[in-house]
1. Quickly run through the stretch 29-61 and pick out the residues that are charged (D, E, K, R) and either within 23 Å of the chain's Cα centre (by Cα) or surrounded by 12 or more Cβ atoms within 10 Å (Cβ to Cβ) (or both).
2. Any idea how many residues of the stretch 94-114 are in contact with a Leu (Cβ under 7 Å, 6 or more places away or on another chain) and either over 20 Å from residue 264 (Cα atoms) or of a type in the set (Lys, Arg) (or both)?
3. What number of residues within the stretch 195-208 satisfy the criterion of being crowded, with 22+ Cβ neighbours inside 10 Å and in contact with a His (Cβ under 9 Å, 6 or more places away or on another chain)?
4. Run residue 212 past the list (1) more than 18 Å from the chain's Cα centre (by Cα); (2) more than 18 Å from residue 139 (Cα to Cα) and report the number of the one that doesn't hold.
5. State all residues of the stretch 100-125 that are out of contact with any strand residue (DSSP E or B) (no Cβ under 7 Å at 6 or more places or on another chain) and either of a type in the set (A, V, I, L, M, F, W, C) or over 30 Å from residue 182 (Cα atoms) (or both); if no residue qualifies, say none.
6. Taking the condition of being in a helix (DSSP H, G or I) and of a type in the set (A, V, I, L, M), how many residues in the stretch 13-38 meet it?
7. List the number of the failed condition for residue 75; all other conditions in (1) assigned to a helix (DSSP H, G or I); (2) in contact with a His (Cβ under 7 Å, 6 or more places away or on another chain); (3) of a type in the set (Phe, Trp, Tyr) hold.
8. Taking the stretch 250-276 only, how many residues are part of a helix (DSSP H, G or I), of a type in the set (A, V, I, L, M) and surrounded by fewer than 17 Cβ atoms within 10 Å (Cβ to Cβ)?
Amino acid sequence: MLGKQSKWSKDFPYILKHQRATLHLQAEPSSHTRQALVQLIERPLVAKRVSAPLDCSRSALFIKREQLDSLKKKWRIQRGNRKRNGMYDWTVEELTNTFEAHKRGARVPGVAGYGYTRSNLGLVDGVFFISRLLVGHVDGLTLIRRDPQATLRVIGAAFELLHSLHHQGVTHMDLWAANVMLPEQGQGLAQAIDLENGFNTPTAYFSETLGFQLGFFYYREIYRYITEADYDALVEATLVNYPGLDRAVFNRVYEISKHQHIDRLERRDIFCKGIVKSRW
C-alpha cells in the first residue's frame, strides 16, 4: 500500500494524521467528517476486520478497517508487494480495483481515501479503506429476504450490471446478490461493491470466467429462491449479449460453479488460466 503512495498522491492529496494513523483523502474533510474520522481512529478494534458506515450520516462514507496480524503481511503492505500467488492483500486489492473501476466509469462506489496505522517501531500494523456510502440503496440479498418476489428483479439487475462491468473492462469475481446494490426507491441501475476479488485487465479465458460468474451467482444463495431450470432460462436469455462465447467451455464451468464452492485462489485460476476442477 505504501509503495503506491506516489502513484496516488495526486488523487488523495489531503492528509489527516492522528495518533498513530495517517489517512490520505480525496478531498479536505469537513469539520464533522474530521471529527468522526478521529473518533474512528481512537476507537479500539473489536474484531480483526470491521466494515461499517462512518458514524456521521452527513459524511456518507463507508469504512473498512483491518488489523494486520502477521509480520509478513505488515511488511508486504508497507512495501507495496504482492503475495506469492500474485495477489495483493485484500485491502490493497479492493482499493486498487475499486479506484480503477470507478475511474473507468464503472458503476461502483467512489474511493474517498485510504490509510494506515503504524506500530511504535514504525511498521504498518493496520489499514483503512474509505469509500462513498451508497445512500438510499439496499443489497440484493436483503431485498430478496425481505420480499422473495423481488428475486427476478435482483437477478435481472445483476445480469445487467455484470454486462456493464465487462463493457468497462472490469471483472468482478465475487458478484453475488449481497454485492449488488439497488436503489430502494425508483428503477435506477444497480451498483457493485466489494471488488477485492476482481480484475481490471483482460482475460484470455472470457468464456470460462463468465461461466463462473453466472454459475456462482446461483450457487451463492439465489438457488434458495428460484428453480435451477428457471435460472438457466434467464442465463440463456442474457447470453445473447455475449456474441462469440465458446458455449462448450462456458457450459462446463457454469455447471460446476452452480453446485461447487470455488475459493478465491481457484477463481484466480479461472480468470488467469481457464482452469477449474470438478469435485464430482
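1. Looking only at the stretch 29-61, we keep the residues that are charged (D, E, K, R), and these are 34, 42-43, 48-49, 55, 58.
Scanning the stretch 29-61 gives 34, 48, 49, 55.
2. To start, the set of residues in the stretch 94-114 that are in contact with a Leu (Cβ under 7 Å, 6 or more places away or on another chain) comprises 94, 97-98, 101, 106-109, 111-114.
Checking which are either over 20 Å from residue 264 (Cα atoms) or of a type in the set (Lys, Arg) (or both) leaves us with 106-109, 111-114.
Of the residues in the stretch 94-114, 8 are in contact with a Leu (Cβ under 7 Å, 6 or more places away or on another chain) and either over 20 Å from residue 264 (Cα atoms) or of a type in the set (Lys, Arg) (or both).
3. Adding up the residues that qualify gives 2.
4. Among (1) more than 18 Å from the chain's Cα centre (by Cα); (2) more than 18 Å from residue 139 (Cα to Cα), the lone unmet condition for residue 212 is (1).
5. The initial filter retains those residues of the stretch 100-125 that are out of contact with any strand residue (DSSP E or B) (no Cβ under 7 Å at 6 or more places or on another chain), namely 100-101, 103-106, 120-123.
101, 106, 120, 121, 122, 123, listed by residue number.
6. Residues of the stretch 13-38 that are in a helix (DSSP H, G or I), as a first pass: 31-38.
If we keep only those that are of a type in the set (A, V, I, L, M) as well, we get 36-38.
Going through the stretch 13-38 one residue at a time, the tally reaches 3.
7. (2)
8. Of the residues in that region, 1 qualify.
The values are calculated or read from the model by the stated rules, or taken from the named source; none is laboratory data. What you are looking at is a predicted structure, and each value in this text was computed from that prediction instead of being measured. Cβ coordinates were reconstructed from backbone atoms using ideal geometry, including for glycine residues, and neighbour counts include every protein chain displayed.
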